[in-house]
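What follows is a single structure, written as structure tokens, with notes after it.
The values are calculated or read from the model by the stated rules, or taken from the named source; none is laboratory data. Fair warning: this is a prediction, and the values are worked out from it, not measured in the lab. Cβ placement follows ideal geometry from the backbone for every residue including glycine, while neighbour counts extend to all protein chains displayed.
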Amino acid sequence: MMHDEHKRYKIVILTILTISVIILTIIEGVRYWGNGDGRGPGFFFTRGDNKVVYRGEIYPEEVRTRTEKAGFMSKTTIQFYESKYDFGTVSEGQVVKHAFRFKNTGNHPLLITKTDVTCGCTVPEFPSDPITPGNDGEVVVVYNTAGKSGIQKKEIVIHANTLPEAVSVSIEADVR
């Protein structure tokens, strides 16, 4: 009798664990593939000026590939023309964007490997190709104010084959 009860208890626990794993898998799948284009969380696209930029969260494989490529590249330096941008007062639900222009101030090509953000509401777009010495590039930050209110401050960390390896810029908005 005790053995059967113990066996049923184990079956219930295993069933609950299995259902939990399935639910978590579904949730993560929706989060990962939920942008509607079937290509995962982000994608490359070409703008009107024929520059290929990356929009959205980069694939882990792409980060690894870009980081490995940058590891073989000589170090260079980057200088942003501004490190902070204030959108001022914006309406809740509005999508705003700002281009942070930078210059490759070093003597070697500059490759941005990835960007880090603290919130999915902030999406950076950056060039996929290296920026040659002396030339400019830009990191365009798209900020979705949906569900936000009050003073919002977001930091974007840009990683590249630069010294230092990471540089940050930030945006601010008063969402009403």
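Please count how many residues of the range 128-153 are in contact (Cβ under 8 Å) with a residue 24 or more places away in the chain and crowded, with 18+ Cβ neighbours inside 10 Å. Within the range 128-153, residues that are in contact (Cβ under 8 Å) with a residue 24 or more places away in the chain and crowded, with 18+ Cβ neighbours inside 10 Å number 9.
Please go through the range 94-113 and pick out each residue that is under 20 Å from the mean Cα position of the chain (by Cα) and assigned to a loop (DSSP other than H, G, I, E, B). Please lay out each step first, then the result.
Initial filter on the range 94-113 (under 20 Å from the mean Cα position of the chain (by Cα)): 94-102, 110-113.
Selection gives Gln94, Leu111.
Among the residues making up the range 142-176, none is touching a Leu at 6+ places or on another chain (Cβ under 6 Å) and of a type in the set (Lys, Arg). Which one of the conditions (1) touching a Pro at 6+ places or on another chain (Cβ under 6 Å); (2) at pLDDT 95 or above does Lys84 fail to meet, given that it meets all the rest? Unmet for Lys84, out of (1) touching a Pro at 6+ places or on another chain (Cβ under 6 Å); (2) at pLDDT 95 or above: (1).
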